[in-house]
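Okay, structure first, notes after.
The values are calculated or read from the model by the stated rules, or taken from the named source; none is laboratory data. All of these numbers come straight from a predicted model, not from anything done at the bench. Every residue, glycine among them, receives a Cβ derived from its backbone with ideal geometry; neighbour counts consider all protein chains shown. What goes into the accessible areas is simple: the full protein's heavy atoms, side chains included, and nothing from ligands, DNA or RNA. Shrake-Rupley method; radii C 1.70, N 1.55, O 1.52, S 1.80 Å.
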Amino acid sequence: MPPQQYMECALSLARLAMGHTSPNPAVGAVVVKDGLVVGMGYTQPVGSEHAEVMALRQAGEKARDAAMYVTLEPCSHYGRTPPCTEAMIAAGISEVYVALVDPNPVVSGSGIGRLNEKGIKTHVGLGQQEACQINEAYIKHVTTGLPFVVAKFAMSLDGKIATKSGDSKWITSEEARNYAHALRCTFDAIMVGVNTVMADNPHLTARGCGGRSGIGKMQPLRLVVDTEGRIPVDSHVFEPPGGILVAVGEPFDTARKQELAQAGAEVVELPASNGSVDIAELFKLLGKRGIVTVLVEGGGKVLGSLFDQRLVDKVLAFVSPVIIGGREAACVGGNGVDRMVEALRLSRVDIKIFGDDILVSGYTQQIPGRPA
């Protein structure tokens, strides 16, 4: 079997870990001896084994003089776990195929260098583009310190997210909603504006965050952008499971802050202007806390602010074949642009069908550290 197929196997393993390893990258590894796969593994939840160690454990003694195919450069430093390079050296691996050099400055190039020091032959670049896509959020976070931001919304064919009375249940089909709900489990945080909480009273929890294939996942953090602190304390977002962070404008009323804290929320005061919290500052804070991925689910005001400031990395737009009409409930608010040439155009667009609904996804910008 050619090297490309072994790497494709490793990439498939990495996909199994996607969304369940944050803040670590999702990595897959395959050990090959005499043309046979003798070990496979993928990254376990943070604090547990990396893909390389899992694959070596399965291979056992067969790892000696074998080749390893791994989707990201093996680490050579002590973090929550020992260096993978040392485990590979001790196991007797003789050759390593690496899809992508780790953009993390702590690792970048040092893992490959360590293997070469020990006479282990390395090949870099096989499967690089797909390895980048699997870890696009990790790449952004380690190179900028900011989370990877995905804007998700559902709209009618005429671009509305609700009727003029505010009714928004349901624009899309159950099939589309189930898919969108499953996405939540792969994100570190889900973000909405306070108007969405007050209008829809969502739980913002993720079904199925209990583990699959041995991988567990905590509920995503619920983020509510609420400049004036208007959120009712009996809202569903205060209920378990999962934590809640409310971003308010500074200075904020001490008594109200204490009330929200007693209801179970962490309250963060941030600079605000024109009645809106500085979301860019919020993302900086989240990045420092190790929040790698944020799913923004609305509403129109928050989405508009994000798009105006070019803070979105990826868009997931569900379009349902219904016409609502009216002047209210625009999908994306904000200031918008004056000329079409200034409009944000998505790249790498993909289209999926869910019953009668369409999901249009695409990227708004080049991810730092990712090959063009």
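Assorted remarks:
- Check on Asp34, under 30 Å from Ile190 (Cβ atoms), of a type in the set (D, E, K, R) and either more than 25 Å from the chain's Cα centre (by Cα) or open to solvent by less than 50 Å² (accessible area, probe 1.4 Å) (or both): no
- Unmet requirement for Asn274, which otherwise passes all of (1) closer than 26 Å to Asn104 by Cα; (2) free of Cβ contacts under 8 Å to residues at least 24 places away in the same chain: (1)
- Among the residues of the range 333-357, those that are open to solvent by 60 Å² or more (accessible area, probe 1.4 Å) and either in contact (Cβ under 8 Å) with a residue 24 or more places away in the chain or of a type outside the set (A, V, I, L, M, F, W, C) (or both) comprise Asn335, Asp338, Arg339, Glu342, Leu344, Arg345, Arg348, Asp350, Lys352, Asp356.
- Among the residues of the range 63-82, none qualifies, meaning not one is among the β-branched types (Val, Ile, Thr), in a helix (DSSP H, G or I), on the phi < 0 side of the Ramachandran plot and open to solvent by less than 30 Å² (accessible area, probe 1.4 Å).
- Restricting the range 358-367 to residues that are open to solvent by less than 50 Å² (accessible area, probe 1.4 Å) and not in a strand (DSSP E or B), the residue that is modelled with the highest pLDDT: Thr364
- Residue list for the range 301-312, filter: of a type in the set (D, E, K, R) and in a helix (DSSP H, G or I): Lys301, Asp308
- Taking the criterion of being surrounded by fewer than 23 Cβ atoms within 10 Å (Cβ to Cβ), in contact (Cβ under 8 Å) with a residue 24 or more places away in the chain and under 18 Å from Ala99 (Cβ atoms), the residues of the range 128-156 that qualify are Gln128, Gln129, Glu130, Cys132, Glu136, Val142, Thr143.
- Number of residues in the range 333-349 that are modelled with pLDDT of 80 or more, β-branched (Val, Ile, Thr) and part of a loop (DSSP other than H, G, I, E, B): the value is 0.
- Matching entry among Val292, Val268, Val302 (being within 20 Å of Phe153 (Cβ to Cβ) and of a type outside the set (Asp, Glu)): Val302
- Count of residues meeting criterion [out of contact with any strand residue (DSSP E or B) (no Cβ under 8 Å at 6 or more places or on another chain) and either free of Cβ contacts under 8 Å to residues at least 40 places away in the same chain or open to solvent by 70 Å² or more (accessible area, probe 1.4 Å) (or both)] in the range 215-254: 13
- Subset of the range 267-285 that is more than 22 Å from the chain's Cα centre (by Cα) and either open to solvent by less than 10 Å² (accessible area, probe 1.4 Å) or farther than 24 Å from Phe307 by Cβ (or both) - its residue that is modelled with the lowest pLDDT: Val277
- Of all residues assigned to the range 88-100, at least one qualifies as being in a strand (DSSP E or B) and of a type in the set (Asp, Glu).
- Residue satisfying condition, being open to solvent by 10 Å² or more (accessible area, probe 1.4 Å), at pLDDT 95 or above, within 24 Å of the chain's Cα centre (by Cα) and over 25 Å from Asn116 (Cβ atoms), within set Ser12, Ser22: Ser12
- Within the range 175-279, strands (runs of 3 or more DSSP E) holding 2 or more residues that are more than 30 Å from Asn135 (Cβ to Cβ): 244-249, 265-270
- As a summary of the residue check, Met40 satisfies the conditions (1) at pLDDT below 95; (2) open to solvent by 40 Å² or more (accessible area, probe 1.4 Å); (3) touching a helix residue (DSSP H, G or I) at 6+ places or on another chain (Cβ under 7 Å) except for the one numbered (1).
- Residue list for the range 313-326, restricted to those being buried (at least 21 other Cβ atoms within 10 Å of the Cβ) and either among the acidic types (Asp, Glu) or not in a strand (DSSP E or B) (or both): Asp313
- Qualifying residue in the range 126-143 (condition: assigned to a helix (DSSP H, G or I), farther than 24 Å from Leu16 by Cα and modelled with pLDDT of 95 or more): no
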